[in-house]
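Reading through the structure tokens given below for one structure.
The values are calculated or read from the model by the stated rules, or taken from the named source; none is laboratory data. Since the model is a prediction, treat every value here as computed from it, not as a measurement. Note that each Cβ is placed from the backbone with ideal geometry, even for glycine, and that neighbours are counted across all protein chains shown. The protein model used for the area step is the full one, side chains on, heavy atoms only, and it has no ligands, DNA or RNA in it. Shrake-Rupley method; radii C 1.70, N 1.55, O 1.52, S 1.80 Å.
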Amino acid sequence: MSSPDVFSTPDPSDDEDSDGSQKDFHESLKMKGEFHSHLEKSIRPYIDLVDTLRSVGIHKDLGLPSIVVIGDQSSGKSSVLEALSGIALPRGSGIVTRCPLELRLKKVPGVKWKAVLTYDKKLNESVTFLAGPIKPSKLANGKLSQSENKIEFADPSLIEAQVEAAQNELAGKGVGICEELITLEIMSPEVCDLTLIDLPGIARVPVEGQPEDIGKQIKRLILKYIKKQETINLVVVPCNTDIATTEALKMAQEVDPEGKRTVAILTKPDLIDKGTEKRVLDIIHNRVIPLRKGYIMVKCRGQQQIDDDVPLEEAAQMERDFFQNHDYFRCLLEEDKVTIKCLSIKLTQDLVDHIKTSLPDLQDQIQKELWSVKRALKGCEDGPPEDLEGAKEFLIEILNGFNEKIKSLLSGEPENGKGLFSQIRAEFKKWNDRLNSTKPPFTSKESSEAYRGRELPGFSNYIVFERILQQHVAKLKDPAIDLLSAVKDIIVKQFTVVMNECFENYQALRNITKDKINDIQLNQQEKAEQRISEQFKMENRIFTQDPIFMKVLSEITNQTFSENEIPVFDKQCKYGLLLETYYEIALQRLSDQVPLMIIYYMFEETARMLCVHVMKLLDNPDVYELLSEDSEVSRRRSELRARQIRLTSAAKVISSFFKG
Ligand code: GDP
Ligand code: MG
């Protein structure tokens, strides 16, 4: 669509236009007009769609179809981009492209030439995030304007300096590289609709001042872009090198082995070694390294022509002449395999095809992302309302939620508390096993000898009997205290889990509750210890009701005794049997009694006290203080909400696209 009024477009800067670059610019506009006259009605909507998606900021969440330019250093990447876009990019030796540069060329009818350079502010600058609920309008484009640099300009000759300044800011002055994306959007009625990303060239050896691993750094950066399925990889390879050894092509093949989204561009055909033309023809005819999307050869301006300021339009004519006069490459003109113009047409077509095939997948991805954002939002949404009444109600609700959970722990339903009761039961079983393992061999002579007083052998009396039992039972006190502390740990842990779940976003509430849990537990532990000590003091008195004693005795001896016929114990062994019987009874008592006390003091009472104390928090005059959110949470919520807005708009854009 090279309409004649292209040339009557007012000068972009509207002031003195003696500047050479302005002239170049207009000439390049004319060139663009020719190049993109093929943009048919069937193509535009797709490019518009991706532009719209990008303008809602969806590229922050998903990969959008785009074209990435990679190649070894000085292979001619910038020259190709320049020829395609008609704008001058930073040039020189060493690494010139030091940050990924996204070139968005936008055809906008009826506007003056305008460029906008955007890049994120360096992270070390303090970035303020919007707190609290975010008004959708602020984030309709998905951007937090505070964290971005945005420079608009209307003079094409400023591009080079502006890009360089941005690179210096992001990657530091010098030769380092950086992963931050610089976006250069160019709007004009005359540019083509393409988005291209220029990446740093692959350096073989570090130049002075560069880190040793610069090659690795650059490759990592390149890989990040070219591995995305949504990207078409433009690999720039000079004709005068051995293409098979080109690092860039190797990388592209690794991420796209079938060559479905790789286009190779052969540059510098004018510098080709005499005698290698046939091999280059073989390559371009896909006979050496086959690529589904194939090869295109272009001739850009050489250094001399750049120094001489040969306009891009003239360079295009020279390119055409070059191929027409070339003995070997002439045939390629008819095959549409040479010239920048051909490349431009091919790229636009490729990009549109790519958009078409990516769309269903993009829709899927948007839906999936929306789901995961919704899920994530559930975790941090419903922050406290701003009005006092609302905030109070909110507080009541979350405190109630906590109490409900604690009560359901108490009720001991199996699905609650991730096996709290089974953990406690395991401790009680250990206790029981431990008790059983302490049964001494009361029948041996030494055992009673050790407890004998001044009496002669044979005069064993009740005092010895008591003394033996008292000493054995006393040994069980320490294990009982250990059990208490083990169960306490389990319960504190479980309460803490509930607390973290219910007060996830509220640091102040968590701190207060944590202190409460610890206070109550310590207090209760002391009480329980007291009770256990008492129990052991009581055990000093040898006591049991006769029938139980008889029953156990019958079990142990396998004989039946009744209260009326008490067996006669005259020998040592029978005496031992009595000891054994009583000890068994004492063990059974302790085996139940200690756990019962622990459960009562450490769990039931604590849970009740905790619920009461938590409700008392409602008396706290400063509701807002209690409900102050962790800053991380409100930040995350803002981010998620912004993402949700972007994704929802993107889904709408696509669905209305399909509706036509
Ligand atoms: P980059 O480092 O890959 O961006 O490479 P440049 O685009 O800066 O090009 C490196 C050098 O090769 C520059 O001096 C260009 O003028 C030169 N150059 C690029 N393409 C051609 C070409 O087709 N023919 C000739 N003779 N020189 C070229
Ligand atoms: Mg370059």
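Tabulated values for the structure
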read-out: Checking Glu247 against (1) in contact with a Gly (Cβ under 6 Å, 6 or more places away or on another chain); (2) among the acidic types (Asp, Glu); (3) within 13 Å of ligand 1 (Cβ to nearest atom), the condition it does not meet; value: (1)
read-out: All positions within the stretch 240-269 that are open to solvent by 10 Å² or more (accessible area, probe 1.4 Å), farther than 15 Å from Val68 by Cβ and not in a helix (DSSP H, G or I); value: Asn240, Thr241, Asp242, Pro257, Glu258, Lys268
read-out: Residue, surrounded by the most Cβ atoms within 10 Å (Cβ to Cβ), within the stretch 291-326, restricted to residues that are among the polar types (S, T, N, Q) and at pLDDT 95 or above; value: Gln324
read-out: Subset of the stretch 148-157 (residues that are surrounded by 14 or more Cβ atoms within 10 Å (Cβ to Cβ) and without any contact (Cβ under 8 Å) to a residue 40 or more places away in the chain); value: Asn149, Ile151, Phe153
read-out: Subset of the stretch 100-119 [crowded, with 20+ Cβ neighbours inside 10 Å and of a type in the set (Ser, Thr, Tyr)]; value: Tyr119
read-out: Where Val116 falls short, out of the listed (1) touching a helix residue (DSSP H, G or I) at 6+ places or on another chain (Cβ under 9 Å); (2) at pLDDT 85 or above; value: (1)
read-out: Selected residue (criterion: surrounded by the most Cβ atoms within 10 Å (Cβ to Cβ)) from residues of the stretch 611-630 that are assigned to a helix (DSSP H, G or I) and more than 36 Å from the chain's Cα centre (by Cα); value: Cys611
read-out: Pro269 closer than 15 Å to Ile243 by Cα and within 16 Å of ligand 1 (Cβ to nearest atom); value: yes
read-out: Some residue of the stretch 155-169 being part of a strand (DSSP E or B) and modelled with pLDDT of 85 or more; value: no
read-out: Every residue from the stretch 519-551 that is crowded, with 18+ Cβ neighbours inside 10 Å and free of Cβ contacts under 8 Å to residues at least 40 places away in the same chain; value: Phe549, Met550
read-out: Residue in the stretch 378-401 that is within 24 Å of the chain's Cα centre (by Cα), of a type in the set (Lys, Arg) and surrounded by 13 or more Cβ atoms within 10 Å (Cβ to Cβ) present; value: no
read-out: Flag for Thr241 being polar (S, T, N, Q) and within 25 Å of the chain's Cα centre (by Cα); value: no
read-out: Verdict on Arg279 being within 16 Å of ligand 2 (Cβ to nearest atom) and either assigned to a loop (DSSP other than H, G, I, E, B) or open to solvent by 20 Å² or more (accessible area, probe 1.4 Å) (or both); value: no
read-out: Scope the stretch 487-502; condition within 23 Å of the chain's Cα centre (by Cα) and either in contact (Cβ under 8 Å) with a residue 24 or more places away in the chain or open to solvent by less than 40 Å² (accessible area, probe 1.4 Å) (or both); matching residues; value: Glu501
read-out: Qualifying residue in the stretch 563-582 (condition: of a type in the set (Ser, Thr, Tyr), at pLDDT 80 or above and over 55 Å from the mean Cα position of the chain (by Cα)); value: yes
